[in-house]
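The values are calculated or read from the model by the stated rules, or taken from the named source; none is laboratory data. The shown structure was predicted, so the numbers you read here are calculated from the model rather than taken from an experiment. Note: ideal-geometry Cβ built from the backbone for every residue, glycine included; neighbour counts use all protein chains shown. Side chains included, ligands, DNA and RNA excluded: accessible areas come from the protein's heavy atoms. Shrake-Rupley method; radii C 1.70, N 1.55, O 1.52, S 1.80 Å.
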Amino acid sequence: MPTDSTILLGAVAYDPKVVAIWEGIRDYFNDAGAPFDFVLFSNYERQVKALLAGHVDIAWNTPLAHVRVQHHTKGGSLSLGMRDSDQDFHSRLIVRTDSGIAGPEDLAGKRLAVGSADSTQARILPLHFLKEAGADLTAVDLVRFDTDVGKHGDTGVSELHVLDALRNGDADAGTVGDLIWVMEQTAGHIDTSLLQSVWTSPPFDHCMFDALPDLDTGKIDRFTSALFAMTWDNPEHRRLLELEGLKQWMPPREEGYDSLRAAVADQGYAL
Amino acid sequence: MSSETTVAVAIDAGDLPMGGGLMALVRPALQLLEPGGVLAVNSCYDNLQDDLSVWCKVKQHEYLGNEPTPVAVEVTGAADKSNIPTQRTIRHLIRRSDLSVPKGKRETDMRLSASDGKLSAEAVLSAVPMPDSADPRSGFAPRGAQVEPGGPRYPFDLLDRDHVAPPEVAKLYDQAVESQWDGNRDIPWSKLPTHAPGLERAIGQVFTFLAENELSALYVPSRFVSRIHPAYAEVAMYLSTQMADEARHIDVFLKRARSGGAGLGVSSVTTSQSLLSLLEVADFTEAAFLLSVLGEGTFLDLLRFIEDHAPDDVTAEVVSRARNDEARHVHFGLVHVRHALAHDAGLYQRLENAVRRRAATMAGAGGVPEPLQDGLTILAAGSTSPRDVARGHDDFRQLLDEMHINRIKRLEHAGFTSEQATTLSELHTPNFM
């Protein structure tokens with residue numbers, strides 16, 4: 001673990017904007033009296049290893065990476081904060097209106113497009129919840145879009161592929177996160193006479209700042225104080241918050257990851 | 001959610017899905033609410049709550065819930081509206097966030113009315129007055145628009161009405177737009193007679209000088225337009241007309257120089273030095289003072305002199321039209337400086353200092369550029385015969401006296417004392433502009 005007072009954070013470079021986000025946050029933290037720097041990883045597996053090895057103080061993790069850290073620390077890791085937009089995520093079952101699918105129970109014998117193998121919202125949890133809702137997944141023809149594996153669905157690319165597959169008739173139904181579904185609709189990218197949402201999963205939570213149990217308390221205090229002091233109405237903060245897709249940082253909560261823990265256990269996902 | 005919740009605005013959303021036009025009703029309706037106000041969306045689209053609640057979360061509005069409602073809603077494409085009430089409708093309630101609330105109040109009852117069939121910029125300015133100062137974070141938002149908070153800071157630094165925008169600016173903009181003319185069509189180019197080569201060379205020289213100076217008059221305002229806060233857009237709009245005027249003058253002056261066989265003359269170092277010292281002025285009011293009050297003011301006398309001595313109608317028409325435009329530029333310069341002087345006691349001294357600084361850079365440059373002296377003398381003479389040239393020389397000397405007297409008048413008109421005006425006029429550049 002870094003020994004000086006500088007907080008070293010790890011983040012995954014899923015998009016060029018990640019550099020702008022963390023350079024901005026670095027400058028803000030340093031100005032706020034919380035010495036800060038960051039390193040970027042190309043995938044979450046490498047980032048989690050670096051955190052567990054003590055090479056970084058804090059990791060900005062997807063839900064799957066968060067669950068992985070908790071697994072390897074036997075539940076002892078520290079959760080420091082999350083975005084407001086990370087809370088109460090849902091997955092959606094989107095169908096072609098000509099598919100005859102009204103819900104999970106109608107999926108048998110149909111082609112179901114799913115996102116990347118490590119996407120919580122477009123693959124792991126929707127399959128988990130669909131099964132719970134009565135879908136016979138053994139009778140479903142999965143159309144997999146394993147793009148950007150390692151990024152845990154952050155890029156959203158596989159979800160857009162799912163929607164494209166539905167538009168093109170390459171699938172009858174598909175699973176995406178509700179954020180993509182709503183944003184694509186409000187942007188005018190969805191022909192609602194062709195595609196519609198017929199099912200919404202139970203809620204689950206998304207990203208989390210993770211740290212090892214022995215992180216210096218001074219670093220924790222400085223990090224959380226500066227983080228929660230960011231406000232939407234401050235133009236400099238707002239620029240960063242908009243880039244990172246939130247309006248307010250929230251205290252951590254754990255119950256939103258219970259379903260993912262169950263899903264990875266059920267699906268035999270290696271942590 | 002409680003059915004007791006007070007709904008401020010309700011909309012009929014019919015059976016529109018979120019991706020099918022619904023938001024074009026929801027978003028503007030929310031804009032009508034104060035933060036904390038509640039919008040009711042009456043919809044018969046199934047499962048809208050899942051989409052609306054996610055959208056509310058993203059936008060930080062609060063989705064309060066939904067309940068069946070007896071309200072009839074319009075169904076897309078329903079031919080027989082009498083059947084509509086049979087649709088099952090749901091009332092979704094949304095509480096407006098207090099984030100991203102635009103600053104300022106929405107314009108209400110804004111009904112500009114034409115006068116004699118015209119709607120002037122002056123009338124708009126009267127209905128939507130300029131603020132005393134402007135916020136660079138409002139960017140290019142037009143004055144009167146509501147502005148979302150959190151926008152980037154723009155590099156506008158002319159943010160103070162009294163140093164930027166005289167009250168007459170909109171009226172001058174209206175006049176300028178109405179006075180535009182066409183240098184291609186409105187000059188009787190085909191009527192240009194042939195002059196003796198010596199006279200035509202003099203004309204080519206004079207118009208070369210005019211075009212060079214008008215190029216500077218095009219470039220100087222352009223340096224300030226991008227610095228003017230859009231709250232004072234009429235100033236930028238006015239300056240754009242001034243720049244269009246200068247573009248036209250450059251065009252017709254060069255055409256005239258090239259239409260009589262002589263072509264262009266010489267660009268002198270004195271002119272070049274003088275125009276650079278003008279281009280480098282960084283203060284808007286100082287630049288307006290040097291360019292429009294002193295420079296273009298002096299040009300009015302010069303253009304009048306050329307018109308009076310023009311040997312043909314084409315030459316006279318070109319400078320006459322240009323002079324009308326320049327008179328407007330001088331007027332704007334005067335009202336700009338006078339308005340700024342009235343609100344800034346230290347400005348007199350700064351303007352005097354600006355003239356002195358510029359004079360210092362011109363020290364040793366000599367008098368009126370020699371090619372111009374000669375050109376104006378021959379033009380006034382109308383020929384190169386010694387007798388005519390003697391008269392032309394007298395006329396030229398008289399022009400310099402008139403320029404000095406009229407500069408003093410303009411300076412006094414701008415608010416300077418007689419003594420200050422005389423000093424400043426004497427320090428003015430020998431290049432005229």
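Checking every residue in the range B:159-176 against the condition of being among the polar types (S, T, N, Q), open to solvent by 30 Å² or more (accessible area, probe 1.4 Å) and at pLDDT below 95 gives zero matches. Residue count for the range A:75-85, restricted to those that are of a type in the set (Gly, Ala, Ser) and crowded, with 23+ Cβ neighbours inside 10 Å: 1.
If you scan the range B:90-111, which residues turn out to be surrounded by 12 or more Cβ atoms within 10 Å (Cβ to Cβ), aliphatic (A, V, I, L, M) and touching a helix residue (DSSP H, G or I) at 6+ places or on another chain (Cβ under 9 Å)? Can you show your working first?
Step one: list which residues in the range B:90-111 are surrounded by 12 or more Cβ atoms within 10 Å (Cβ to Cβ), which gives B:90-104.
Subsequent filtering for residues that are aliphatic (A, V, I, L, M) retains B:90, B:93-94, B:99, B:101.
Across the range B:90-111, the qualifying residues are B:90, B:94, B:99.
Conditions (1) touching a residue at least 12 places away in the same chain (Cβ under 8 Å); (2) part of a loop (DSSP other than H, G, I, E, B), marked per residue:
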position	(1), (2)
B:101	yes, yes
B:107	yes, yes
B:110	yes, yes
B:113	no, yes
B:124	yes, no
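When residue A:118 is tested against (1) modelled with pLDDT of 95 or more; (2) within 18 Å of the chain's Cα centre (by Cα); (3) assigned to a helix (DSSP H, G or I); (4) under 28 Å from residue B:54 (Cα atoms), just one condition goes unmet, and that condition is (3). For the range B:227-262, filtering for residues that are within 14 Å of the chain's Cα centre (by Cα), open to solvent by 10 Å² or more (accessible area, probe 1.4 Å) and among the charged types (D, E, K, R) leaves 2. Residues that are farther than 20 Å from residue B:106 by Cα and away from chain A (no Cβ under 14 Å) within the range B:12-44 comprise B:12, B:40, B:41, B:42, B:44, listed in sequence order.
Every listed requirement among (1) closer than 30 Å to residue A:233 by Cα; (2) at pLDDT 95 or above is met by residue B:150 save one, (2). The requirement of being assigned to a loop (DSSP other than H, G, I, E, B) and crowded, with 21+ Cβ neighbours inside 10 Å is satisfied by residue A:135. Evaluate the range A:86-107: report whether one residue or more is under 20 Å from the mean Cα position of the chain (by Cα), surrounded by fewer than 24 Cβ atoms within 10 Å (Cβ to Cβ) and in a helix (DSSP H, G or I). For the range A:86-107, residues under 20 Å from the mean Cα position of the chain (by Cα), surrounded by fewer than 24 Cβ atoms within 10 Å (Cβ to Cβ) and in a helix (DSSP H, G or I): present. The residue pairs whose first member lies in the range B:45-67 and is in contact (Cβ under 8 Å) with a residue 60 or more places away in the chain, whose second member is open to solvent by 40 Å² or more (accessible area, probe 1.4 Å) and assigned to a strand (DSSP E or B), and whose beta carbons are closer than 6 Å, counting only pairs six or more residues apart or on different chains, are B:64/B:95; B:67/B:91.
Could you check the range B:144-153 and list, in sequence order, the residues that are within 14 Å of chain A (Cβ to nearest Cβ) and touching a residue at least 24 places away in the same chain (Cβ under 8 Å)?
Taking the range B:144-153 and keeping what is within 14 Å of chain A (Cβ to nearest Cβ), we get B:147-153.
Once the filter is applied, which keeps residues that are within 14 Å of chain A (Cβ to nearest Cβ) and touching a residue at least 24 places away in the same chain (Cβ under 8 Å), the range B:144-153 yields B:147, B:148, B:149, B:150.
Kindly indicate the residue of the range A:62-77 that is in contact with a helix residue (DSSP H, G or I) (Cβ under 7 Å, 6 or more places away or on another chain) and over 26 Å from residue B:51 (Cα atoms) and also farthest from the other protein chains (Cβ to nearest Cβ) among those meeting that condition. Checked the range A:62-77; the qualifying residue farthest from the other protein chains (Cβ to nearest Cβ) is A:72.
Scanning the range A:30-66 for residues that are assigned to a helix (DSSP H, G or I), touching a Ser or Thr at 6+ places or on another chain (Cβ under 9 Å) and under 18 Å from residue A:214 (Cα atoms) yields a total of 3.
Within the range A:160-218, work out how many residues are within 11 Å of chain B (Cβ to nearest Cβ), of a type in the set (A, V, I, L, M) and either under 20 Å from residue A:137 (Cβ atoms) or open to solvent by 20 Å² or more (accessible area, probe 1.4 Å) (or both). Final tally of qualifying residues: 6.
Quick one: which residue in B:58, B:73, B:128, B:38 is in contact with a helix residue (DSSP H, G or I) (Cβ under 7 Å, 6 or more places away or on another chain) and at pLDDT 85 or above?
Details: B:73 fails: at pLDDT 85 or above; B:128 fails: in contact with a helix residue (DSSP H, G or I) (Cβ under 7 Å, 6 or more places away or on another chain); B:38 fails: in contact with a helix residue (DSSP H, G or I) (Cβ under 7 Å, 6 or more places away or on another chain).
Among B:58, B:73, B:128, B:38, only B:58 is in contact with a helix residue (DSSP H, G or I) (Cβ under 7 Å, 6 or more places away or on another chain) and at pLDDT 85 or above.
Within the range B:337-360, being of a type in the set (A, V, I, L, M, F, W, C) and open to solvent by 60 Å² or more (accessible area, probe 1.4 Å) holds for B:342, B:345, B:360.
Residue pairs whose Cβ atoms lie under 6 Å apart, sitting 6 or more positions apart in sequence or on different chains, and linking a residue in the range B:257-269 that is touching a residue at least 12 places away in the same chain (Cβ under 8 Å) and under 17 Å from residue B:371 (Cα atoms) to a partner that is open to solvent by less than 80 Å² (accessible area, probe 1.4 Å) and assigned to a loop (DSSP other than H, G, I, E, B), are B:257/B:264; B:268/B:369.
Please state which one of B:145, B:127, B:114 is surrounded by fewer than 16 Cβ atoms within 10 Å (Cβ to Cβ) and farther than 30 Å from residue B:284 by Cα. B:114 is the lone residue from the list that is surrounded by fewer than 16 Cβ atoms within 10 Å (Cβ to Cβ) and farther than 30 Å from residue B:284 by Cα.
Checking each residue in the range A:138-156 for being over 13 Å from residue A:174 (Cα atoms), open to solvent by 20 Å² or more (accessible area, probe 1.4 Å) and touching a Gly at 6+ places or on another chain (Cβ under 7 Å) picks out only A:139.
It is to be established whether one or more residues within the range B:183-199 are under 13 Å from the mean Cα position of the chain (by Cα), assigned to a helix (DSSP H, G or I) and surrounded by fewer than 16 Cβ atoms within 10 Å (Cβ to Cβ). The answer is no, given that none of the residues of the range B:183-199 is under 13 Å from the mean Cα position of the chain (by Cα), assigned to a helix (DSSP H, G or I) and surrounded by fewer than 16 Cβ atoms within 10 Å (Cβ to Cβ). Among the residues of the range A:30-52, is any among the β-branched types (Val, Ile, Thr), more than 18 Å from residue A:200 (Cα to Cα) and surrounded by 24 or more Cβ atoms within 10 Å (Cβ to Cβ)? Scanning the range A:30-52 turns up at least one residue that is among the β-branched types (Val, Ile, Thr), more than 18 Å from residue A:200 (Cα to Cα) and surrounded by 24 or more Cβ atoms within 10 Å (Cβ to Cβ).
Rundown of residues vs (1) touching a His at 6+ places or on another chain (Cβ under 9 Å); (2) away from chain B (no Cβ under 11 Å); (3) under 29 Å from residue B:98 (Cβ atoms); (4) at pLDDT below 95, yes/no style:
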{"position": "A:231", "(1), (2), (3), (4)": "yes, no, yes, yes"}
{"position": "A:236", "(1), (2), (3), (4)": "no, no, yes, yes"}
{"position": "A:257", "(1), (2), (3), (4)": "yes, yes, no, no"}
{"position": "A:262", "(1), (2), (3), (4)": "yes, yes, no, no"}
{"position": "A:267", "(1), (2), (3), (4)": "yes, yes, no, yes"}
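Considering (1) surrounded by fewer than 16 Cβ atoms within 10 Å (Cβ to Cβ); (2) assigned to a helix (DSSP H, G or I), the lone condition that residue B:389 does not fulfil carries the number (1).
Name every residue in the range A:84-102 that is more than 15 Å from residue A:178 (Cα to Cα) and either more than 11 Å from every other protein chain (Cβ to nearest Cβ) or hydroxyl-bearing (Ser, Thr, Tyr) (or both), in order of residue number. Residues satisfying the conditions are A:96, A:97, A:98, A:99, A:100, A:101.
Counting only helices (runs of 4 or more DSSP H) that fall entirely inside the range B:232-290 and contain at least 2 residues that are under 30 Å from residue B:144 (Cα atoms) and touching a strand residue (DSSP E or B) at 6+ places or on another chain (Cβ under 7 Å), the qualifying elements are B:233-259.
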